[in-house]
Protein chains: 2
Amino acid sequence: MIEEQVHTKTRLLDAAEKLFGQNGFDATSLRDITTEAQVNLAAVNYHFQSKDSLIDAVIGRRLEPVNRGRIQMLDAAGPSPTLEQILQAFLAPILEQEIWPAVPLIGRVLSNPDQFLERVFKKHLAAVAKRFGDAIAQALPGLPAEEVAWRLHFMAGSMSHVLVRSQVLPAMSGGLCQPQDREALMARLVTFLSAGFRAPATRLEGN
Amino acid sequence: MIEEQVHTKTRLLDAAEKLFGQNGFDATSLRDITTEAQVNLAAVNYHFQSKDSLIDAVIGRRLEPVNRGRIQMLDAAGPSPTLEQILQAFLAPILEQEIWPAVPLIGRVLSNPDQFLERVFKKHLAAVAKRFGDAIAQALPGLPAEEVAWRLHFMAGSMSHVLVRSQVLPAMSGGLCQPQDREALMARLVTFLSAGFRAPATRLEGN
DNA sequence: GTCTATAGGTTGATAGAC
DNA sequence: GTCTATCAACCTATAGAC
């Protein structure tokens with residue numbers, strides 16, 4: 001056959017990615033996935049051992065290329081990248097065309113505090129977080145380390161929120177928000193976040 | 001009895017709030033809840049009709065006072081509140097001492113895109129969102145409506161993220177983030193978000 | 001109001017034919 | 001590699017005694 005066959009394993013990953021992103025991990029059964037993929041129920045346990053392993057595979061397939069892209073863009077910005085370059089390197093790979101179908105899934109991962117998924121999160125994201133935290137601290141020399149750490153979480157929250165809710169943002173904003181325009185979304189995010197990061201360190205009364 | 005008896009209904013709401021916040025709605029069974037509350041399984045269906053109704057009750061018990069507090073603080077700031085006053089009115093009621101045990105739950109609600117919870121979200125939050133959106137638009141007269149709508153979502157994301165992950169932020173930040181200090185957290189959020197809101201409108205290439 | 005007991009359905013996972 | 005058939009465990013919800 002010249003035509004490339006779409007294998008059962010790939011069909012399962014695609015279906016699981018779609019349904020996990022739509023309804024979450026707990027609410028998606030293996031039967032939902034095999035029905036969507038139009039394969040047999042037993043195929044899940046043949047190609048993957050368990051539902052947990054399937055979840056891990058679904059996540060890793062998308063997150064690994066994203067993280068490689070992030071590091072690559074950050075490296076390409078040279079030894080002393082600007083704050084905007086750092087933010088773009090972090091955001092752009094996740095808003096790329098090819099990744100778009102997996103965006104709800106990634107949002108799910110980022111907003112799920114369960115222990116299992118937290119482990120997966122740390123497995124795939126801890127190194128990248130460290131790298132970008134260091135880059136931002138270097139770009140903003142006056143900012144205390146606690147403030148950098150907090151603002152990284154504010155950034156992660158803004159990003160994951162617009163990802164998770166991308167399907168319903170238009171309705172919730174009376175049509176004002178159009179997440180399909182990914183370039184505009186990234187530009188708005190960079191504008192908002194870079195201003196937030198450049199704010200003077202918070203003056204705390206107690207200290 | 002002079003001592004106030006903690007009724008089964010309240011024990012159920014407390015236990016459900018704790019477990020829903022820790023593990024999510026789908027992953028928490030009624031058995032988990034009745035075990036935690038040390039009441040019988042059938043009590044759930046006696047005091048509430050169904051799991052969905054229980055979820056609704058758990059959410060409403062916390063979100064209604066929060067929203068009343070938000071409107072109250074915004075009203076107290078007068079007819080032309082500053083951006084900082086608006087942000088504080090939105091954030092303070094959810095970071096108050098009495099509400100703190102329910103914070104993971106509220107984070108769960110905000111990060112859950114399922115249709116049922118989305119309906120609950122709109123039921124409890126749409127009016128407040130409109131009110132605060134208008135206030136921010138008034139405080140930042142030059143900012144286009146789309147930009148205001150987007151930045152409201154960025155704010156909601158930052159807030160919900162630190163709520164959802166409040167249990168694990170210290171570990172993820174190497175001890176730098178201490179969410180227990182709620183006053184400091186609110187001050188840092190207001191600093192970051194007000195700078196973001198005050199950023200000039202994003203210049204889009206396509207327009 | 002609180003319990004026991006159980007109905008009725010769904011789940012993840014596996015055994016074994018082909 | 002793919003199927004059918006099925007198990008054991010779990011779930012929500014209810015019936016009915018007390």
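Values quoted throughout were computed directly from the atomic coordinates according to the rules given, and no laboratory measurement underlies them. Source: prediction; values computed, not measured. Glycine also receives a Cβ, built like all others from the backbone with ideal geometry; neighbour counts cover every protein chain displayed.
Computed 3J(HN,Hα) for the stretch B:183-196, one whole-Hz value per residue from the Karplus formula 6.51 cos²θ - 1.76 cosθ + 1.60 where θ = phi - 60°, is 5, 5, 4, 5, 4, 5, 5, 5, 4, 5, 6, 5, 5, x, glycine and proline marked x. Dividing the mean sequence gap of close Cα pairs (under 8 Å, 6+ apart) by how many residues the stretch A:78-204 holds gives a relative contact order of 36 percent. Take the alpha carbon atoms of the stretch A:45-63, find their center, do the same for the stretch A:177-207, and report the distance between the two centers in whole angstrom. Value for the Cα centre distance between the two parts: 34 Å. How shielded is A:170-177 by partner chains, expressed as the average number of their Cβ atoms within 10 Å of its Cβ atoms? Counting Cβ atoms of other protein chains within 10 Å of each residue's Cβ and averaging gives 5.
Take each residue in A:194-205, count the other chain C-beta atoms within 10 Å of its C-beta, and the mean is 5.
Diagonalising the gyration tensor over the Cα atoms of the stretch B:1-66 and scaling each eigenvalue by 5 before taking the square root yields semi-axes of 18, 15, 11 Å, largest first. Here is how far apart the A:LYS9 label points are across copies: 5.6 nm, shortest first, using a point 7 Å from Cα toward Cβ.
For chain B, modelled as a GNM with alpha-carbon contacts under 10 angstrom, which of B:PHE48, B:PHE154, B:PHE116 fluctuates the most? With Cα springs under 10 Å in chain B, the top fluctuation among B:PHE48, B:PHE154, B:PHE116 is at B:PHE116. List the pairs from A:LYS130/B:LYS18; B:LYS9/B:LYS51; B:LYS18/B:LYS51; A:LYS18/A:LYS51; B:LYS18/B:LYS130; B:LYS51/B:LYS123 whose alpha-carbon separation is above 24 Å, in the order I gave them. From A:LYS130/B:LYS18; B:LYS9/B:LYS51; B:LYS18/B:LYS51; A:LYS18/A:LYS51; B:LYS18/B:LYS130; B:LYS51/B:LYS123, over 24 Å: A:LYS130/B:LYS18; B:LYS18/B:LYS130. Summing +1 for each Lys or Arg and -1 for each Asp or Glu among the other residues whose beta-carbon sits under 11 angstrom from that of B:SER160 gives +3.
Taking the square roots of 5 times each eigenvalue of the Cα gyration tensor of the stretch B:35-80, largest first, gives ellipsoid semi-axes of 36, 10, 6 Å.
Label point of B:GLY60 (7 Å along Cα→beta-carbon): distances to the other copies' equivalent points are 4.6 nm, sorted ascending. Distances from A:ALA27 to itself in the other copies, using label points 7 Å out along the Cα-Cβ axis, amount to 1.5 nm in increasing order.
Taking every Cα-Cα distance in the stretch A:106-156 and sorting them into 5 Å bins from zero, the calculated P(r) comes out as 5, 18, 26, 22, 15, 10, 4, 0 percent. Normalised by 2.2 N^0.38 Å, where N is the number of residues, the C-alpha radius of gyration of the stretch A:38-109 stands at 1.45. Other residues whose C-beta falls under 12 angstrom from the C-beta of A:ARG198 contribute a net charge of 0, scoring Lys and Arg +1 and Asp and Glu -1. Using the Karplus relation 6.51 cos²θ - 1.76 cosθ + 1.60 with θ = phi - 60°, the per-residue 3J(HN,Hα) values for the stretch A:15-29 come to 5, 5, 4, 5, 6, 4, x, 6, 10, x, 6, 5, 7, 9, 8 Hz, with x marking Gly and Pro.
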